[in-house]
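Asks: This is the structure I have questions about; it appears just below.
The values are calculated or read from the model by the stated rules, or taken from the named source; none is laboratory data. Since we're looking at a predicted model, the values are computed, not measured. Here Cβ is always computed from backbone atoms with ideal geometry, including for glycine, and neighbour counts include all displayed protein chains.
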Ligand SMILES: NC(=O)c1ccc[n+]([C@@H]2O[C@H](COP(=O)([O-])OP(=O)(O)OC[C@H]3O[C@@H](n4cnc5c(N)ncnc54)[C@H](OP(=O)(O)O)[C@@H]3O)[C@@H](O)[C@H]2O)c1
C-alpha cells in the first residue's frame, strides 16, 4: 500500500500540529479538517503540502467526499468534557464520528487508519463516559472490515501547547498560598507529544503495526500532587497543596458540571467535571509501555516542561526578553 495523501481529523489541535509537522517532514501531503479555519490557520498553514479545510466532518456525505482522494486517515478528534452529563456528547464525538470515518474509508477504499484513543479506554470496564466511549470507538475501528487499524492509547500528553501543565500553571498563578487539589493521589505517566508523533508517524506505513493497540507512556509515574508541585517549582509559585478528600473531589466535579453553562457562555473550557473525577479512578499508567517496543526512548518531563512553562510567567517572559536583548 502506497500512502501519499493523509486526511487528518482533529489535526488542528495540540497533538495534531506536532504530528502534522512530523508527517510533513516525511513528505506526505496532508488534508487537515477543522470547524474554524480562521481560528486555526496560524497553527498549520506554513507547512508545505498541507490543506487546512473547514468542514462539517459529522456530515457523512461531506466527510466521504473530503476523504475521497486520501490514501490513509488519522482520527485525533477527542473531547474531555461534554455539555450534558449522560454521555451522549462523548458518544457523538468519539463513537458516532469514528463510525462515520470507518464508513468513509470503506466507501473510498481507504485501507489505513490511525486512531487516537486513550490509556484505560474500555467499552465496558471504563470508569467514566470518556473512557467507555473511547473504548467503544477503538473497538469499532478495529472491527471494521477492510481497514488496517492501529490505535494509540496515551497517558496525559505534555508539550509546549498542552492543556495539562499549562492549565495548572495558570491556576497556580491565580490562587495564592494554599492550593486545594482534587484527585491528588491519581497517578499519571506523562508522555511527550514529540514521542507520540514519532510513534504514529513510524507506524503509518508499516504492516507489522496493523491491528495493534499501543499504550504510550513517559518513563516515570507521578501522583497528581507531585505534578502540581513540580509545576509550581517550574514557575516559581510554590503553593501549599491541600489534597481534597475523595467526597469533596467528587462534589467539586459536580459543582463544575452545574456551572458548565457559565464556562460555555464565556468560551472557557470547563476545568474539571464529574466525568474527569471518574476517569481518575483508574491510574493513567502503562502496564507495558509500547513506546519502548516501538524503538522510542520516552522523554521525561524534567528536561522539557520547565523550558516552556518558565517562558509563560511574567518573570520568565522578562528573563527571556533580557536574554534576547
Ligand atoms: N492531550 C492529552 O493529554 C491526551 C491524552 C490522551 C488522549 N488524547 C487524545 O488525543 C487526541 C488529540 O488530543 P489533543 O490534546 O490534541 O486535543 P485538542 O488540542 O483539543 O484537539 C482536538 C481536535 O479535535 C477537534 N474537535 C474537538 N471537538 C470536535 C467536535 N465536536 N467535532 C469535530 N472536531 C472536534 C478540534 O478541531 P477544531 O476545533 O479545529 O474543529 C481539535 O483540533 C484526542 O482524541 C484526545 O482524546 C489526548
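Asks: Just a yes or no: is a residue in segment 50-62 under 23 Å from residue 146 (Cβ atoms) and out of contact with any helix residue (DSSP H, G or I) (no Cβ under 9 Å at 6 or more places or on another chain)?
Replies: yes
Asks: For segment 99-131, enumerate the residues that are in a loop (DSSP other than H, G, I, E, B) and more than 12 Å from the ligand (Cβ to nearest atom).
Replies: Within segment 99-131, 108, 109, 110, 111, 122, 123, 124, 125, 126, 127, 128 qualify.
Yes/no matrix, rows are residues, columns are (1) surrounded by fewer than 20 Cβ atoms within 10 Å (Cβ to Cβ); (2) under 17 Å from residue 72 (Cα atoms):
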position: 10; (1), (2): no, yes
position: 16; (1), (2): no, yes
position: 20; (1), (2): no, yes
position: 28; (1), (2): no, yes
position: 35; (1), (2): yes, no
position: 46; (1), (2): yes, no
position: 49; (1), (2): yes, yes
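Asks: Residues that are under 30 Å from residue 144 (Cβ atoms), at pLDDT 95 or above and under 19 Å from the mean Cα position of the chain (by Cα): which helices (runs of 4 or more DSSP H) entirely in segment 164-246 hold 1 or more of them?
Replies: In segment 164-246, the matching helices (runs of 4 or more DSSP H) lie at 193-204.
Asks: Additional query: Hey, can you tell me all the residues within segment 91-109 that are buried (at least 23 other Cβ atoms within 10 Å of the Cβ) and touching a residue at least 60 places away in the same chain (Cβ under 8 Å)?
Replies: Within segment 91-109, 101 is the sole residue that qualifies.
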